[in-house]
Amino acid sequence: MLVPPRREQDWTFSTETGHLQLLLSFPYLSRLILISNNDINNPSHPTSYNAPPLSTTTENPSTTTTIEENLLPLLLALTPKSAFDRSNGFPEIPFLSYEDEVISSLVLEICVGPCVAEMLIENVVLESESNKNNKGREFRRRLRFKRMPNLIQSQVRIHPISELGVVGDELEGVEFTVDNGVLVQPYLNPMVAGLVVISSYLDEQIRCGIRPRALCLGVGGGALLRFLSDQLGFDVVGVEEDEVVLSVAKKYFGLRHSESVHLCVGDGMELMQRLALKGQGDVDSKFDVVMVDLDSSDARMGTSAPPLDFVRKSVLLVAKEIICQRGVLIINVIPASKSFYERVVTKFHEVFEELHEIDVGNGENMVLAASRLSKIRTAPIDFENSFHQKLEASIQGSYMNSSAVKALSASKTLLYGNRMFSLGFIFFLKGALSGISRANCYGTFGRRGHGEDNASLTLGE
């Protein structure tokens with residue numbers, strides 16, 4: 001893999017966990033060699049990044065061929081013997097490059113939390129064909145953890161405060177305002193769309209003057225909490241295990257403790273247990289919706305969600321206990337394998353009466369909506385300004401169509417794509433990429449971490 005110029009110090013390429021994520025992200029890959037001009041074993045992280053202009057790179061395909069020819073003896077020496085056996089001669093070694101639409105980035109702060117360890121907050125400029133107002137660019141603020149560097153934990157859209165905006169792609173010294181009226185994390189729109197299965201019930205509650213209540217396990221930057229509160233009128237309780245992450249959400253992502261948004265530090269599963277013990281008679285222990293956005297903290301699992309502990313039947317029973325009779329549990333799932341996803345669905349069927357699935361459409365995330373009752377009315381009440389209409393107007397994409405929200409029966413064969421991962425090896429080379437542009441490589445490679453459409457994966461010729 002050809003490391004993008006000037007990004008050698010990014011955690012994705014300079015840390016063991018980043019290397020492991022790259023390796024696990026590519027199905028059937030057993031050995032990966034990273035090639036760069038500069039040292040990629042430095043654990044520090046750059047404070048800024050600007051993609052080199054195309055004029056500084058050569059577009060001559062023969063240059064790529066020359067690099068490959070020069071490296072071939074070393075690459076063959078690092079190739080597993082089994083590859084020679086399979087090819088009956090010299091194996092063909094594909095060259096890949098990493099692309100993620102990042103034009104430039106500026107790290108605002110690097111801090112350490114007691115649970116998630118080292119994290120960074122950064123402003124980024126992305127290529128965006130749909131954003132004509134900013135010359136095909138979009139500005140976002142992101143939160144990333146060093147333990148999963150190729151995973152975008154949280155992100156929001158930001159806009160320059162100054163009328164002059166951003167000069168070129170330079171982010172230094174530019175102040176931004178956070179836009180919480182839109183969800184840019186790809187799986188959040190489908191999670192909110194999962195409310196359609198109880199939209200009639202929520203509408204009845206609202207018509208009676210009762211604000212619906214949501215419990216969010218996993219806060220991150222808080223975009224989901226603010227959207228539920230500001231756009232859909234929910235009272236929201238957010239639970240985050242790391243107090244520093246909450247501080248970051250307040251400082252950089254516009255999250256605030258208010259009458260409708262309540263924040264607490266702690267383990268989400270332990271909180272559910274305490275709420276369940278309060279019993280049936282305590283209204284404050286019940287929620288109309290519980291939304292779960294928790295990922296595994298073990299890099300050896302690859303990028304996966306939810307944590308294995310959450311899929312235990314005992315935990316799901318507790319979650320069911322704190323949901324109202326006509327409520328729903330909505331969870332973001334990043335399956336590490338087909339068997340993992342099948343296990344998750346099976347466990348949910350053991351506990352909940354009805355289960356719906358929403359495919360995020362990025363080849364990565366699936367959203368499950370589990371309800372206590374079967375045959376919940378999903379059609380909107382026949383008058384204007386219903387919750388269903390508000391929900392439909394707030395959600396981007398076609399996630400609320402009947403074809404998008406699919407009911408899963410216990411006997412249904414799952415069609416989730418099979419992703420087989422094998423642990424392997426990564427080797428590092430440097431000083432080999434002079435004058436090579438990303439466009440000259442045979443293919444591109446990236447990881448849509450946590451559902452993020454921030455990278456592409458294309459096998460070359």
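Here, each number is a calculation from the coordinates, and none is a lab measurement. The structure presented is a predicted model; accordingly, all values stated were derived computationally and were not measured. Glycine gets a Cβ as well: all are built from the backbone with ideal geometry, and neighbour counts include every protein chain shown.
Each of R211 and S314 was given a label point 7 Å from its Cα along the Cα-to-Cβ line. The distance between the two points is 3.6 nm.
Return the loop-located GluC sites (Glu not before Pro) in the range 328-378 (DSSP other than H, G, I, E, B) with at most 15 other Cβ atoms within 10 Å of their own Cβ; answer none if there are none.
E353
Working note: Karplus 6.51/-1.76/1.60 with θ = phi - 60° gives the range 233-249 the couplings x, 8, 8, 10, 10, x, 10, 10, 6, 10, 5, 5, 4, 4, 4, 5, 4 Hz, where Gly and Pro are set to x.
Length available on full extension from K250 to L76: 0.36 nm per residue minus the Cα-Cα distance, which gives 57.5 nm.
Once backbone amide H atoms are built at 1.01 Å from N, F234 has S229 as its partners under 5 Å, excluding neighbours fewer than 5 places away on the same chain.
Averaged over residues, the count of other Cβ atoms within 10 Å places the peptides 226-235, 196-205 in the sequence 196-205, 226-235, highest first. In order along the range 70-77, the phi-based Karplus estimate (6.51 cos²θ - 1.76 cosθ + 1.60, θ = phi - 60°) of 3J(HN,Hα) comes to 5, 8, 3, x, 5, 5, 5, 5 Hz; Gly and Pro are listed as x. Computed from the C-beta positions of C111 and N38 and an R0 of 25 Å, the FRET efficiency is 0.45 to the nearest 0.05. Gain on full extension, evaluated as 0.36 nm per residue between S374 and E16 minus their Cα-Cα distance, stands at 124.3 nm.
Taking amide hydrogens as placed 1.01 Å from N in the peptide plane, the amide H of I103 sits under 5 Å from those of V125, L126, E127, each at least 5 positions away in sequence or on another chain. Whole-Hz Karplus values for the range 304-319 come out as 9, 7, x, x, 4, 4, 6, 7, 5, 4, 4, 5, 5, 5, 5, 4 Hz, taken residue by residue from phi with 6.51 cos²θ - 1.76 cosθ + 1.60 and θ = phi - 60°; glycine and proline positions read x. Quick check on the range 188-407: of the DSSP beta bridges with both residues there, what percent are antiparallel, nearest 5%? Just about 45 percent of them are antiparallel.
The calculated FRET efficiency for the pair S30 and E270, based on their C-beta separation and a Förster distance of 35 Å, comes to about 0.35. Annotation: the residues E172, E243, sorted from fewest to most other C-beta atoms within 10 Å of their own C-beta, follow the order E172, E243.
On the basis of the beta-carbon distance and an R0 of 22 Å, K338 and S409 show a calculated FRET efficiency of 0.75.
Descending by average beta-carbon neighbour count within 10 Å, the peptides 288-297, 107-116 line up as 288-297, 107-116, the highest first.
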